[in-house]
Amino acid sequence: MFSFCSHDRPEIDGQLHSLGLIEKLRDDLRAFDGAKGELYYRLEEVLRELANPNLHDVNLVTAFKIELWDRYGRDHLRMIIAATSSIAIAQAAFDAAVAQYSGERLTLRKGAMVLRELNLHRA
């Protein structure tokens with residue numbers, strides 16, 4: 001952009017300067033709008049990944065699992081509360097699950113082997 005300098009009419013110089021600033025602001029807003037769209041897309045992608053119920057980087061076949069069982073049915077798994085490849089984390093998660101779901105049937109298992117069990121409703 002070029003500007004005219006007129007010492008006779010300083011208001012024209014001020015108006016041209018203001019128009020130049022408005023054009024720069026418009027260009028910056030266009031660039032921001034493009035960046036905003038990219039940022040929105042990236043945030044949406046991360047939120048979808050967080051909402052995914054599948055466990056990442058945990059092999060469920062060999063994992064230690066904390067399981068919550070159906071209180072009325074016989075041997076019906078309601079949900080897997082936690083899964084980890086670390087026995088220490090599994091023990092801590094089981095203790096936390098016992099505190100959170102007191103009075104429920106819980107198991108800490110690795111495969112078919114039951115390592116710990118809280119079995120209050122079984123007859």
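If the Cβ limit is 9 Å and pairs must be 6+ apart or interchain, which residue in the range 64-75 that is modelled with pLDDT under 75 pairs with which residue that is outside any strand (DSSP E or B)? Cβ pairs passing all conditions: Tyr72/His121; Arg74/Arg122.
For the range 86-100, what are the residues that are more than 21 Å from the chain's Cα centre (by Cα) and not β-branched (Val, Ile, Thr)? Give the steps one after another, and end with the answer.
Quick first cut of the range 86-100, residues more than 21 Å from the chain's Cα centre (by Cα) only: 86-88, 90-92, 94-100.
Ser86, Ala88, Ala90, Gln91, Ala92, Phe94, Asp95, Ala96, Ala97, Ala99, Gln100 - these are the residues of the range 86-100 that are more than 21 Å from the chain's Cα centre (by Cα) and not β-branched (Val, Ile, Thr).
Of all residue pairs spaced 6 or more apart or on separate chains, those with beta-carbon atoms under 6 Å, a first member in the range 96-114 that is without any contact (Cβ under 8 Å) to a residue 12 or more places away in the chain and a second member that is surrounded by 13 or more Cβ atoms within 10 Å (Cβ to Cβ) are Val114/Thr107.
The values are calculated or read from the model by the stated rules, or taken from the named source; none is laboratory data. Note that the coordinates shown come from a computational prediction; the quantities given were computed from them, not determined experimentally. Glycine gets a Cβ as well: all are built from the backbone with ideal geometry, and neighbour counts include every protein chain shown.
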